[in-house]
């Protein structure tokens, strides 16, 4: 019986490299636009007179919208194609980032951040689906981990831009820079191929009436709520929910936590001090955490890796909350970020391997961005608790949520080596 020769990155085609680059850049710039808010939140609170609870509520609205956008763009991607849906999502969050800088009231800012969230949610599952369907089984986990790791680069880039711009201008100019990702769509239109797997499994051929196509689309989507998928649908949804509650609660408030005065529950770092800590946290914590998950999952399995990363995060977050010295915040922050963000790579890997092609984009949208909707309360809850008891104490809630994610992850299937259907 002949043995198969495993793929290596040297065998990847130019088209596959372009799909990976498009998804990674889209996710990187998604992070760039999304995290600008957290990086300038302390300044917005001052200028618009917002409390910590209100500041957290606005970010919660963005997460709520990202859940809606993820599901909606999943339907769009399954209908019109992964590439065009990806372009539309990037345009949405780029334009709304620019518009955020025009806000003169909390209400205006809330509206723009909500619409931005729609595009933010849509980018993740359209890009992840495009890569999952174009890369070989042997390299799928690693490729999706590379895509996920680009979030850390985008976050670090946002921190650098915010640090430099705030030194010379105000938070509005920071948001104006957020329109630049829209230029990426020009290259995607010309240089990125559509998924051939999607072409072969199109749900809505042009010969079918629209009503019939929509009914068939809804019937197909309902399969993820029936055996054998239903158990794994909700297991992945709640792993993502508990992980996201912890992540957004923690990383929405780490920038203000570092920059707010000590008497307001912060650590009193200046603009450049906060920027340095955030950049280190991303480049030496989040980035290798995201990227490593694919290699770890290929060696130890998807489920075990999920459990390990979230459990270690649950143990480390309380230590970070108790830290006071700058060098401890620097080193421990990077280690916390490694485990507390790295597990997210597993969502695209496991989800793409659980669900069939005809509903893959929508299924990833539901389990990942649906969890974002549920976790949209996290910035508000952590901000509210931080307002009354201090942010350090509020971070203990994030640790508990990571622990719950680890427990639920034990119910996920092991999908290592599975061929896509």
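The values are calculated or read from the model by the stated rules, or taken from the named source; none is laboratory data. What you are looking at is a predicted structure, and each value in this text was computed from that prediction instead of being measured. As a convention, Cβ positions derive from the backbone with ideal geometry for all residues, glycine included, and neighbour counts pool all protein chains shown.
Hey, residue 136 hits all of (1) surrounded by fewer than 22 Cβ atoms within 10 Å (Cβ to Cβ); (2) without any contact (Cβ under 8 Å) to a residue 40 or more places away in the chain but one; which does it fall short on?
Residue 136 satisfies every listed condition except (2).
Are there helices (runs of 4 or more DSSP H) fully within the stretch 165-211 with at least 3 residues that are more than 15 Å from residue 96 (Cβ to Cβ) and modelled with pLDDT of 85 or more? List them.
Output list reads 184-191.
From the list 391, 420, which one is farther than 21 Å from residue 241 by Cβ and crowded, with 21+ Cβ neighbours inside 10 Å?
Being farther than 21 Å from residue 241 by Cβ and crowded, with 21+ Cβ neighbours inside 10 Å holds for just one of 391, 420, which is 391.
Report yes if some residue within the stretch 151-161 is buried (at least 24 other Cβ atoms within 10 Å of the Cβ), within 17 Å of the chain's Cα centre (by Cα) and within 30 Å of residue 418 (Cα to Cα); otherwise report no.
Within the stretch 151-161, one or more residues are buried (at least 24 other Cβ atoms within 10 Å of the Cβ), within 17 Å of the chain's Cα centre (by Cα) and within 30 Å of residue 418 (Cα to Cα).
For residue 10, only one of the following conditions fails: (1) modelled with pLDDT of 85 or more; (2) surrounded by fewer than 23 Cβ atoms within 10 Å (Cβ to Cβ); (3) under 30 Å from residue 190 (Cβ atoms); (4) more than 14 Å from the chain's Cα centre (by Cα). What is its number?
For residue 10, the failing item is (1).
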